[in-house]
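Presented below is the structure to which this report refers.
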Amino acid sequence: MSKSKWYVITGVPSSGKTTVLELLGKAGYRTVPEAARVLIDEGMAHGKTVAEIRSNEGDFQRRVAELKLKTEAELPLEEVVFLDRALPDSIAYYQLCGLDSQEARAFCQRGLYLKVFLMEPIAFEGDYARTESPDAIARLHGLLRDAYEQFSYEVVLVPPVTAEDRTR
């Protein structure tokens, strides 16, 4: 039994997560933006470059995990919420960056999320915040799935169809 009515939309960069979340928001659902992008946007608003913001990847990933933890602590468990990534994503990113993922695991709980949707990769489109290499992106898909499965979440794979079909 889930402790919340929260749904996680996860996947590699440029897999359509944000597009699906925007459509869910337009349909009236509460959504939570990706923590890493929030931190990058805040840093850029203060005149920093993405390279400066991510110059210490370990520190950046810790700040991302802390923001996720803070955000989730403020969400009502009884409200339907769609999250653009959740705490177990940090495990995958810690591993991808060569960091000790035990630190990220300490933040995670079993049974917190109602369902986890893993977006299958689609054609990669880079932008200012996406700094991962093609090799890292290929590895990340499996790491994300493993991160959620180790906490006994059923991971629902969402095929690369139209954004509207993915949202349904």
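The values are calculated or read from the model by the stated rules, or taken from the named source; none is laboratory data. Every value quoted in this text rests on a predicted model; they were computed, and no experiment measured them. Because the Cβ atoms are built from the backbone with ideal geometry, glycine has one as well, and the counts that use them run over all protein chains shown. When the accessible area is computed, the model is the full protein with side chains, heavy atoms only, and any ligands, DNA or RNA have been set aside. Shrake-Rupley method; radii C 1.70, N 1.55, O 1.52, S 1.80 Å.
Determine the pairs where a residue that is open to solvent by 40 Å² or more (accessible area, probe 1.4 Å) and assigned to a helix (DSSP H, G or I), located within segment 36-54, has a partner that is at pLDDT below 90 and small (Gly, Ala, Ser) with Cβ atoms under 6 Å apart, the partner being 6 or more residues away or on another chain.
As it stands, the answer is 37/129, since those pairs meet every condition given.
Taking residue 157, is it open to solvent by 40 Å² or more (accessible area, probe 1.4 Å), among the aliphatic types (A, V, I, L, M), farther than 17 Å from residue 21 by Cβ and in contact with a Leu (Cβ under 8 Å, 6 or more places away or on another chain)?
Yes.
Restricting attention to segment 67-77, does a residue exist that is open to solvent by less than 10 Å² (accessible area, probe 1.4 Å), within 27 Å of residue 164 (Cα to Cα) and touching a strand residue (DSSP E or B) at 6+ places or on another chain (Cβ under 8 Å)?
no
Would you mind finding the one in 103, 66, 22, 78 that is charged (D, E, K, R) and not in a helix (DSSP H, G or I)?
That would be 78, the only listed residue that is charged (D, E, K, R) and not in a helix (DSSP H, G or I).
Scan segment 122-137 and tell me whether some residue there is without any contact (Cβ under 8 Å) to a residue 60 or more places away in the chain, in a helix (DSSP H, G or I) and over 17 Å from the mean Cα position of the chain (by Cα).
Yes, some residue in segment 122-137 is without any contact (Cβ under 8 Å) to a residue 60 or more places away in the chain, in a helix (DSSP H, G or I) and over 17 Å from the mean Cα position of the chain (by Cα).
Taking the criterion of being touching a His at 6+ places or on another chain (Cβ under 9 Å), under 22 Å from residue 151 (Cα atoms) and surrounded by fewer than 17 Cβ atoms within 10 Å (Cβ to Cβ), would at least one residue in segment 103-110 satisfy it?
No: zero hits.
Only residues that are of a type in the set (Val, Ile, Thr) and outside any helix (DSSP H, G or I): list them for segment 141-168, please.
Result: 155, 156, 158, 161, 162.
Quickly run through segment 81-100 and pick out the residues that are open to solvent by less than 10 Å² (accessible area, probe 1.4 Å) and assigned to a helix (DSSP H, G or I).
Of everything in segment 81-100, those that are open to solvent by less than 10 Å² (accessible area, probe 1.4 Å) and assigned to a helix (DSSP H, G or I) turn out to be 87, 88, 89, 90, 91, 92, 94.
Out of 85, 168, 110, which single residue is of a type in the set (Lys, Arg), under 18 Å from residue 17 (Cβ atoms) and modelled with pLDDT under 90?
Residue meeting the stated conditions: 168.
Which one is farthest from residue 8 (Cα to Cα) among residues in segment 55-87 that are in contact (Cβ under 8 Å) with a residue 24 or more places away in the chain and among the small types (Gly, Ala, Ser)?
Per the stated criteria, the residue is 58.
Does residue 120 satisfy the criteria of being at pLDDT below 95, within 26 Å of residue 165 (Cβ to Cβ), surrounded by 17 or more Cβ atoms within 10 Å (Cβ to Cβ) and in contact with a helix residue (DSSP H, G or I) (Cβ under 9 Å, 6 or more places away or on another chain)?
For residue 120, the condition - at pLDDT below 95, within 26 Å of residue 165 (Cβ to Cβ), surrounded by 17 or more Cβ atoms within 10 Å (Cβ to Cβ) and in contact with a helix residue (DSSP H, G or I) (Cβ under 9 Å, 6 or more places away or on another chain) - is not met.
Which of the residues that make up segment 24-35 are more than 17 Å from the chain's Cα centre (by Cα) and buried (at least 16 other Cβ atoms within 10 Å of the Cβ)?
Of everything in segment 24-35, nothing turns out to be more than 17 Å from the chain's Cα centre (by Cα) and buried (at least 16 other Cβ atoms within 10 Å of the Cβ).
From the list 90, 101, pick out the single residue that is polar (S, T, N, Q) and under 13 Å from the mean Cα position of the chain (by Cα).
90
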